[in-house]
Amino acid sequence: MSINEAQDEVIAEFSDFDDWMDRYQLLIDLGNEQETLDEKYKTEQNLIEGCQSRVWLQADEENGNIVFQAESDALIVKGIIALLIKVLSGHTPDEILNADLYFIDKIGLKEHLSPTRSNGLLSMVKQIRMYALAFKSKSAQ
C-alpha cells in the first residue's frame with residue numbers, strides 16, 4: 001500500500017466519527033493495538049525530543065524500506081505515533097522524505113491537539129524524516 005493509500009484509509013476511518021471524543025477514542029484504540037516496543041529500544045537515544053510525553057521511536061531497514069516501531073507513556077500520543085507508523089512504515093527513505101502528510105490536516109488532528117501535543121506531532125514527523133535521511137545517506141555510501 002502506498003503512503004497516499006494509507007493516508008486515504010486513515011481519513012476514511014476518521015470520517016466515520018463526527019464527534020472528537022470518538023476520534024480521541026479511535027486514537028487510543030490505535031495506540032493500544034500497536035505492538036509493544038521491546039524494552040531494549042526504550043533508550044535515551046530513541047526518545048523523541050520536543051514531545052511533552054515520552055515517545056520512543058525505533059527504525060530498522062528491511063529490504064530497502066524503513067520499518068518503525070514506537071511506544072509512548074501517554075495514550076493519545078501513542079495513538080498519534082501509531083497513525084504515523086501506519087502511514088509511513090514499510091516505505092523507502094525517498095518515499096518518506098517526499099511524502100505530503102495531508103491526512104493530518106484532513107482529519108483535523110492539529111487543530112484538536114493542545115499546542116504542546118501539536119509540537120510533539122511535528123517532532124515525531126521530524127524524527128521519522130531524520131531517520132529516513134540517515135538511512136538514505138547510509139545506502140548511498
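The values are calculated or read from the model by the stated rules, or taken from the named source; none is laboratory data. From a predicted model like this one, the values you see are computed outputs, not experimental measurements. As a convention, Cβ positions derive from the backbone with ideal geometry for all residues, glycine included, and neighbour counts pool all protein chains shown.
Take the conditions more than 15 Å from the chain's Cα centre (by Cα), at pLDDT 95 or above and outside any strand (DSSP E or B) and apply them to residue 5. Does it pass?
Working: more than 15 Å from the chain's Cα centre (by Cα): yes; at pLDDT 95 or above: yes; outside any strand (DSSP E or B): yes.
So residue 5 fits the description; yes.
Does region 63-79 contain any residue that is under 14 Å from residue 34 (Cα atoms) and among the polar types (S, T, N, Q)? Lay out the reasoning, then the answer.
Just the residues of region 63-79 that are under 14 Å from residue 34 (Cα atoms), to begin with: 67-79.
Add one more test, that the residue is among the polar types (S, T, N, Q), and what stays is 69, 72.
Scanning region 63-79, I find at least one residue that is under 14 Å from residue 34 (Cα atoms) and among the polar types (S, T, N, Q), so the answer is yes.
Is it fair to say residue 57 is part of a helix (DSSP H, G or I) and surrounded by 12 or more Cβ atoms within 10 Å (Cβ to Cβ)?
On the way: part of a helix (DSSP H, G or I): no; surrounded by 12 or more Cβ atoms within 10 Å (Cβ to Cβ): yes.
No.
Looking only at region 65-87, decide whether some residue is in a loop (DSSP other than H, G, I, E, B), of a type in the set (Ser, Thr, Tyr) and closer than 18 Å to residue 113 by Cα. Please lay out each step first, then the result.
Let us first name the residues in region 65-87 that are in a loop (DSSP other than H, G, I, E, B), namely 73-74.
If we keep only those that are of a type in the set (Ser, Thr, Tyr) too, we end up with none.
Within region 65-87 (the criterion being in a loop (DSSP other than H, G, I, E, B), of a type in the set (Ser, Thr, Tyr) and closer than 18 Å to residue 113 by Cα), the answer is no, since none of the residues qualifies.
Could you check region 95-109 and list, in sequence order, the residues that are within 16 Å of residue 26 (Cβ to Cβ) and either part of a helix (DSSP H, G or I) or among the polar types (S, T, N, Q) (or both)?
Going residue by residue through region 95-109, those that are within 16 Å of residue 26 (Cβ to Cβ) are 103-104, 106-109.
Result: 103, 104, 106.
Select from region 61-103 the residues that are surrounded by fewer than 17 Cβ atoms within 10 Å (Cβ to Cβ) and charged (D, E, K, R) and write down the one among them that is modelled with the lowest pLDDT.
Of everything passing the filter in region 61-103, 73 is modelled with the lowest pLDDT.
Where the second residue is of a type in the set (S, T, N, Q) and surrounded by 13 or more Cβ atoms within 10 Å (Cβ to Cβ) and the first is in contact (Cβ under 8 Å) with a residue 24 or more places away in the chain and under 21 Å from residue 139 (Cα atoms) and lies in region 39-62, which pairs have Cβ atoms under 7 Å and are six or more apart or on separate chains?
57/46; 57/127
Among the residues of region 108-122 satisfying the criterion of being closer than 15 Å to residue 10 by Cβ and hydrophobic (A, V, I, L, M, F, W, C), which is farthest from the chain's Cα centre (by Cα)? Talk me through it step by step, then tell me what you get.
Just the residues of region 108-122 that are closer than 15 Å to residue 10 by Cβ, to begin with: 108-110, 112, 121.
Filter again for hydrophobic (A, V, I, L, M, F, W, C), leaving 109, 121.
On the way: 109: 13, 121: 8 Å.
Only one residue tops the list, namely 109.
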